[in-house]
Structure formats: structure tokens, C-alpha cells
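To keep things clear, I will list the structure first and then write my remarks on it.
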Amino acid sequence: MVLWASALIGVVGMPAVVAYGLSRQSPVRAAVFAVGWGAWIVVSAILAANDVYRQSAVTAKPWIAIAAGGALIVALLAVPRAAIMIWPHTLRVIGVAFLIALALGTLPAVFALPAGLGDIAVGISAPFIARRLARGDRTGAVWFNVLGLLDLVVAVSIGFLAGLGPAQLLPVSPSTVEVTLLPLALIPSTAVPLALALHIRSLLRLRRAPSPVVAAAVNA
């Protein structure tokens, strides 16, 4: 129950914060995003419940990667190009779910520690970065998004290399198969793609000169 709660806080909370930010610019766009992303969370949960994402020790099963890739494309299309959204990353504290799974003995430390602690660090620092950005400090926001992206890339890479299947280069026990099962499967299939999209959109916007649009999006 604790694992479910810690995972769902971010899986549901992050898109909810994004939808709130979008509503300040376009209520219709916010509603479409909320309904669409909520539907994807439900669909992904159904897929995970039917073991579609479950890794195999003998064959490669790319379905969770395909699901995450598709969700990333949709998220990039949904997040406005002018947006710099920092506040949704506060929900990255769901990284505690990985530490809970580690304590329960279902995830290896080589994955759970960097993935969990990295996400928690991003989540804790997000409010401070958002306030500094609102005061005009763009450098801190750039580094925040770069390090946030790095955290996700490292977590996904280790999760893949320590998983079951022919591509397993980190033969640890337990493997990261738990990440392809409920409730943790919802994190890489829904929360991670959204976080990646937010980082990418923010970095692209931060490269350009400030504008009133950015100022409005910062508070999202």
C-alpha cells in the first residue's frame, strides 16, 4: 500500500500540476491534456496488470520502452514551446518508491539508490529553482534541467542494463524486473516521459531571450 501511494503521488500529481499550468493559458488545452494523460495512465496500468511490460530472461520485450517513447512524443506535443515548467518536478519525490522497493528487497541498490535519491533531490530543489527563475535567475534553471535530464537518463540506463533479458549487462539480484510491474511500471511509462518533455521544452525555451510568455509559464 505504501509503495502504491508513493508511486501514484507523482504519476497522478505531476500531470495534474502541468494541467493547472496549462489552464492559465488555455483551459481547453489543459482539459484535453488532463483527460488524455489520465486515460494513458489507466491504459498503461491495464497493460502492466496483464504483464505486457514484464521482462523475460530469454527474450527481449521492448513494450515498456515503446510505451514510454510514444508517451514522450505526445508530451512534447502537449507542452507549449514557450513553457518553462519547474513546479511539476516537485512531484519527482516519488523516487522514494524506489527506495521503498529496495528496502522490501525487490529492487537492486545499483538502480534504486541513484534513481531514487536523484529524483528526490530534483523534487526538493524544484521549488527553490522556480522562485529563483521568477526573479530572473536563468542559469540555475538551466543547470536544474540539465541535471534533471541526466538523472532520468542514468536511471533509465541502469534500469535497462540491470533488467532481465539478453541485454542484461549488470547481472544483479534482484534484477529491475519490478519496474515493469505494477505499481512501479507507471513511473517509467507515464511519469518519466512527462518529466523528460518538461526538461526538454524548458531547456529549449531558456536558450532564447526572455519574453512575457516565459514569465507566465514560469509560475506553472
Just name the residue that is nearest to Ala82 (Cα to Cα) out of those in the stretch 9-19 that are surrounded by fewer than 22 Cβ atoms within 10 Å (Cβ to Cβ) and at pLDDT 95 or above. Val17
Only one of Ala31, Ala49 is more than 16 Å from the chain's Cα centre (by Cα), surrounded by fewer than 22 Cβ atoms within 10 Å (Cβ to Cβ) and farther than 25 Å from Gly165 by Cα; which? Ala31
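Can you tell me which residue within the stretch 1-30, out of those that are of a type in the set (Gly, Ala, Ser) and free of Cβ contacts under 8 Å to residues at least 12 places away in the same chain, is nearest to Val74 (Cα to Cα)?
Going through the stretch 1-30, the residues of a type in the set (Gly, Ala, Ser) turn out to be 5-7, 10, 13, 16, 19, 21, 23, 26, 30.
Add one more test, that the residue is free of Cβ contacts under 8 Å to residues at least 12 places away in the same chain, and what stays is 5, 23, 26, 30.
Details: Ala5: 26, Ser23: 18, Ser26: 18, Ala30: 14 Å.
This residue is Ala30.
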Tell me, please, whether a residue that is more than 17 Å from the chain's Cα centre (by Cα) and either of a type in the set (D, E, K, R) or within 28 Å of Val28 (Cβ to Cβ) (or both) can be found in the stretch 94-113. no
Scanning the stretch 83-108 residue by residue, those in contact with a Phe, Trp or Tyr (Cβ under 9 Å, 6 or more places away or on another chain), under 30 Å from Arg138 (Cβ atoms) and in a loop (DSSP other than H, G, I, E, B) turn out to be Ile86
Checking the structure you have, find out if any residue of the stretch 139-156 is buried (at least 18 other Cβ atoms within 10 Å of the Cβ), more than 16 Å from the chain's Cα centre (by Cα) and in contact (Cβ under 8 Å) with a residue 24 or more places away in the chain. yes
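Does any residue of the stretch 72-85 turn out to be more than 30 Å from Arg207 (Cα to Cα), modelled with pLDDT of 95 or more and surrounded by fewer than 20 Cβ atoms within 10 Å (Cβ to Cβ)?
no
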Determine the pairs where a residue that is at pLDDT 95 or above, located within the stretch 93-105, has a partner that is outside any helix (DSSP H, G or I) and surrounded by 24 or more Cβ atoms within 10 Å (Cβ to Cβ) with Cβ atoms under 8 Å apart, the partner being 6 or more residues away or on another chain. Ala97/Leu184; Phe98/Leu107; Phe98/Leu184; Ala101/Leu107; Ala101/Leu184
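Mind listing just one residue for me: the one in the stretch 157-177 that is in a helix (DSSP H, G or I) and touching a helix residue (DSSP H, G or I) at 6+ places or on another chain (Cβ under 6 Å) and, of those, surrounded by the fewest Cβ atoms within 10 Å (Cβ to Cβ)? Even if it seems obvious, please write down each step before you answer.
To start, the set of residues in the stretch 157-177 that are in a helix (DSSP H, G or I) comprises 157-161, 177.
Narrowing the set further to residues that are touching a helix residue (DSSP H, G or I) at 6+ places or on another chain (Cβ under 6 Å) leaves 158-159.
On the way: Ile158: 20, Gly159: 28.
Taking the candidates together, the pick is Ile158.
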If only one of Val74, Val2, Val28 is among the aliphatic types (A, V, I, L, M) and under 16 Å from Ala191 (Cα atoms), which one is it? Val74
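The values are calculated or read from the model by the stated rules, or taken from the named source; none is laboratory data. What you see is a predicted model; the values in this text were computed from it and never measured. Cβ: placed from backbone, ideal geometry, glycine included. Neighbour counts: every protein chain shown.
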